[in-house]
Amino acid sequence: MRFAYADPPYLGCCGLYDHHHPDGRCWDHLSTHDALIDHLVNGWPDGWALSLSSTSLQAILPLCPEDVRVAAWVKPFCAFKRGVRPAYSWEPVIFWRGRNPSAGHPHPPPVKDGAQTTPKDFLAEGITLKKGLTGAKPYRFCEWICELLGYREGDVLDDLFPGTGIMRDVLAQGRLVA
């Protein structure tokens with residue numbers, strides 16, 4: 001199967017990414033996110049995941065197919081900003097399709113330590129620090145994205161915004177069980 005993960009500059013936050021995306025201001029326009037979702041739906045019918053900010057969820061969710069799900073990355077340790085209350089301590093992840101062995105998929109459900117694995121639709125994991133890129137995701141987050149999609153060895157996961165390359169490193173480890 002072939003999946004995609006997209007972690008674009010977040011809607012309304014492009015000033016944070018200017019030095020990484022010279023044309024990044026287009027991500028402050030909802031139409032750019034709409035085009036990305038269309039690209040995901042048409043280019044990766046097996047499934048995809050999309051990171052976004054909690055403040056943009058209301059605008060971006062209606063652009064998605066009706067059968068998407070929303071998962072939550074909860075950040076027990078996060079950056080607190082003066083004058084911002086409450087703190088931004090979670091981020092939504094919209095995901096669509098993926099492998100679901102319990103729904104009649106021809107491959108048997110995977111097992112880990114003798115038990116069938118079922119990912120949760122939330123992850124509690126702190127942010128990364130000093131990775132050289134605002135919003136760089138932690139290693140465990142990338143593993144969780146693979147779990148949400150049902151990624152298995154032999155599948156392909158296209159990281160559309162590779163940033164620090166953490167997703168590539170996770171996939172190269174070859175230890176994922178979904």
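The values are calculated or read from the model by the stated rules, or taken from the named source; none is laboratory data. Keep in mind that this is a model prediction, so the values were computed, not measured. Note: ideal-geometry Cβ built from the backbone for every residue, glycine included; neighbour counts use all protein chains shown.
Observations
- Cβ pairs under 8 Å, 6+ apart, first in region 38-58 and touching a residue at least 40 places away in the same chain (Cβ under 8 Å) and buried (at least 22 other Cβ atoms within 10 Å of the Cβ), second of a type in the set (D, E, K, R) and assigned to a loop (DSSP other than H, G, I, E, B): Gly47/Arg99; Leu50/Asp7
- Of all residues in region 57-78, those that are small (Gly, Ala, Ser) and touching a Leu at 6+ places or on another chain (Cβ under 7 Å) total 2.
- Selection of region 129-166 for residues being assigned to a loop (DSSP other than H, G, I, E, B), modelled with pLDDT of 80 or more and among the β-branched types (Val, Ile, Thr) yields only Thr164.
- Every residue from region 79-121 that is modelled with pLDDT under 70, assigned to a loop (DSSP other than H, G, I, E, B) and more than 23 Å from Trp44 (Cα to Cα): Asp113, Gly114
- Any hit, region 23-33, residues being surrounded by 13 or more Cβ atoms within 10 Å (Cβ to Cβ), at pLDDT 95 or above and in a loop (DSSP other than H, G, I, E, B): no
- In region 34-78, the residues that are on the phi < 0 side of the Ramachandran plot and assigned to a strand (DSSP E or B): Trp48, Ala49, Leu50, Ser51, Arg69, Val70, Ala71, Ala72, Trp73, Val74
- In region 48-55, the condition of being over 15 Å from the mean Cα position of the chain (by Cα) and more than 12 Å from Trp96 (Cα to Cα) is met by at least one residue.
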